[in-house]
Amino acid sequence: MSNLWRITKYATIAALGGSTVHVLNQNDWDVQNIGAVRFGRAALTVGRIAVDYKMSVSGRHNDGSPESLAVWSETHKRAANRLLWLCCQNGGVFIKVGQHIGALEYLVPHEYVSTLKVLHSRAPRSSIDDIKRVIHADTGQTTDELFAEFDEEPIGTASLAQVHKARLHDGRLVAVKVQHPRVKQHSYIDMTTMDILVKLVDKIFPEFSFQWLAEETRRNLPLELDFINEGRNAERIARTFAQCSWLKVPAIDWTISSKRLLTMEYLDGCEVTNKKYMIDNGIDCRQVSHRLGLMYSQMIFIEGYVHCDPHPGNILVNKLKDGSPQIVLLDHGLYTQLTEKFRHEYSRMWLAVINSDVNEMKVWGEALGVGKLFPLLACIMTAKPWNVIQRGLDKTVDKETQKKESRELREYASQYISQISELLSKVDRQILLVFKTNDLLRSIDYALGTGGERRSLLTMSRCCVRAVYDQQYRQSHHWWQQLSLILRFHWIETKLSCYSLYLWLTVLIWGQQYQ
């Protein structure tokens, strides 16, 4: 019996040792890459954050007093720093989620945004040997066989991939996007980890539910990991805006592309937030902002097909021959397809907000699923306090007032975090990526000094009106109804054109900014 026990013990030890060696070999002998280690690290970090909130602010109502704000701010800051550490340690999906949180300027406390937004410039970098192995595995050819030149220093790194500049044998310059070798392997365990931890936090702190974030990540991640899908997105958006001579989307080379490899036309330019470069090179920042606003308003309200990752590294600016700015749109992995019903309801909600019509806001807030939280929805959509929305978005305000409003909203994000969490769990899921997109665009406008201008509101109004009347026209069954809609649409367009002329005249006559 004792001999059998020894044999069993040694066999078990040998099996465990063999399994450990196999797992380490599969993860390039890096213990940090093992799923159990990644899960444990995430669980420990989230546990520490939960305990900190429980000990520091549980039962303390954030009443807006200086003392209360300070306690909550310090707790948010500690939690954000722990999340940043976790994202950097685990990489991949965790960085993607951290970047998403860092883009939600007025949806999460400012401490999270200011801490996690650095992840846009601190993405992981794979070794050149790993990159070449991925290329060889997906094409069956080496980089020397595929390219006349291949720059081993990446020109950009992101949470899921990195980009290298190369030259094809026919002389064309291309950008080669290569997926990090283990990111897909890790994504499954990371998403399971995130689901478990989010549900656990939801049980402990039901007022701070972030289930919506885990759901959105799980839904979108497989699409972002498929570079064939990204290439198709790029081609579709290029066709959609083919009439816009000022927009450039890189052409895809399908002969050297796969699910983990995307070869595209190399395009250069300055980042969209590089205001100094634009001024030095005679590029009109206001025209850049206007064209971005026009493009995204058309995506959201007219086309219903939205590029959802407009952070500065994905939007470049050049100067066209006529002196006007050219927009270069990169990274087409994350898009959302909006339904016609949602576009109509969202457009009507925006028009109600623009017109300061509280009754209409209530109606369309209900349609979008938020019920009595419609004032909070309006604040999130506009990044304006409720009293400003009631007063009217078209009222001119100076820069100091804008800064004051921005500070108020950041305080609201901390003070009303439970209500915001409730809204995000109720609202139509399609709006979540639109929120992220809007916040990223606002940060670009802020960097360019064009935030809050009335010209942007005018552009959005035109697209909202067109979306609403197009939908009503399609649903009308009689010629006189259609004629009435056409006449009403053109009357509103005329009023908007007159308002646009008024804004232009204020610049010409009084020298005021076109706001």
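The values are calculated or read from the model by the stated rules, or taken from the named source; none is laboratory data. What you are looking at is a predicted structure, and each value in this text was computed from that prediction instead of being measured. All Cβ positions, glycine included, derive from the backbone under ideal geometry; neighbour counts span all protein chains shown. Side chains are part of the model used for accessible areas, which takes the heavy atoms of the whole protein and leaves out ligands, DNA and RNA. Shrake-Rupley method; radii C 1.70, N 1.55, O 1.52, S 1.80 Å.
List the extent of the Cα atoms of the stretch 209-269 along each of their three principal axes, largest first, rounded to whole Å.
In descending order, the Cα extents are 44, 28, 22 Å.
For the stretch 234-312, just say rounded, prolate or oblate: build the C-alpha gyration tensor, square-root its eigenvalues into a ≥ b ≥ c, call rounded for a/c under 1.5, and beyond that prolate if a/b exceeds b/c, oblate if not. Display every interim value, and only then the final one.
Working: a/c = 2.18, a/b = 1.33, b/c = 1.64.
Taking the square roots of the gyration eigenvalues as a ≥ b ≥ c, the stretch 234-312 is oblate.
Using just the Cα positions, wrap the stretch 275-402 in a convex hull and report its mean projected area in square nanometres, one decimal place.
Details: hull surface 38.6 nm².
That works out to 9.7 nm², a quarter of the Cα hull's surface.
log10 I(q)/I(0), Debye, Cα-only the stretch 311-361, no solvent, q = 0.14, 0.21, 0.27 Å⁻¹?
The Debye formula, applied to the Cα set alone, gives -0.69, -0.79, -0.92.
Give the share of C-alpha pairs in each 10 angstrom bin for the stretch 77-119, from 0 to the last occupied bin, in whole percents, shortest bins first.
36, 57, 7
Given labels modelled 7 Å from the Cα in the Cβ direction, how far is it in nm from H477 to K54?
Once both label points are built, they end up 6.1 nm from each other.
Just order 155-167, 349-361 by mean Cβ neighbour count inside 10 Å, highest at the front, would you? Show your work: numbers first, answer last.
Details: 155-167: 20.2, 349-361: 18.7.
The most tightly packed comes first, giving 155-167, 349-361.
When ligands, DNA and RNA are left out and all protein chains stay put, how many square angstrom of accessible area per residue does the stretch 408-461 have with a 1.4 Å probe?
On the way: 1800 Å² over 54 residues.
The answer is 33 Å² per residue.
Evaluate the charge dipole of the stretch 178-309 about its Cα centre and quote only its size in Debye, nearest 20, assuming +1 on the Cβ of each Lys and Arg and -1 on the Cβ of each Asp and Glu. Intermediate values should be presented prior to the final figure.
Details: 16 positive and 18 negative charges, 21 e Å.
So the magnitude is around 100 debye.
At a 1.4 Å probe radius, carbon and sulfur cover how many percent of the accessible area of the stretch 119-206? Could you put the intermediate results ahead of the total?
On the way: 2260 of 4410 Å².
Ligands and nucleic acids excluded, carbon and sulfur reach 51 percent.
Mind listing which GluC sites (Glu not before Pro) in the stretch 285-349 are in a DSSP loop and have 15 or fewer other Cβ atoms within 10 Å?
On the way: sites: E303, E340, E345; in loops: none.
Here no loop site has a sparse enough neighbourhood.
Using only the heavy atoms of the protein chains and a 1.4 Å probe, how would R236, R125 rank by accessible area, largest first?
Numbers: R236 90, R125 135 Å².
So, going from the largest accessible area down, we get R125, R236.
In square nanometres and to one decimal, what's the mean projected area of the convex hull around the Cα atoms of the stretch 284-348? Could the numbers behind the result be given before it?
Numbers: hull surface 20.0 nm².
Approximately 5.0 nm², given one-decimal rounding.
Multiply the residue separation of D129 and V71 by 0.36 nm, subtract the distance between their alpha-carbon atoms, and state the gained length in nm to one decimal.
Working: separation 58, 0.36 × 58 = 20.88 nm, distance 4.76 nm.
Gain on extension, D129 to V71, equals 16.1 nm.
Can you find, among I196, A234, M278, the residue sitting farthest towards the positive end of the charge dipole of the stretch 194-286, where Lys and Arg contribute +1 and Asp and Glu -1 at Cβ?
Positive-end residue among those listed: A234.
Please give the per residue accessible area of the stretch 103-193, computed with a probe of 1.4 Å over protein heavy atoms only, in Å².
Accessible area per residue, the stretch 103-193: 44 Å².
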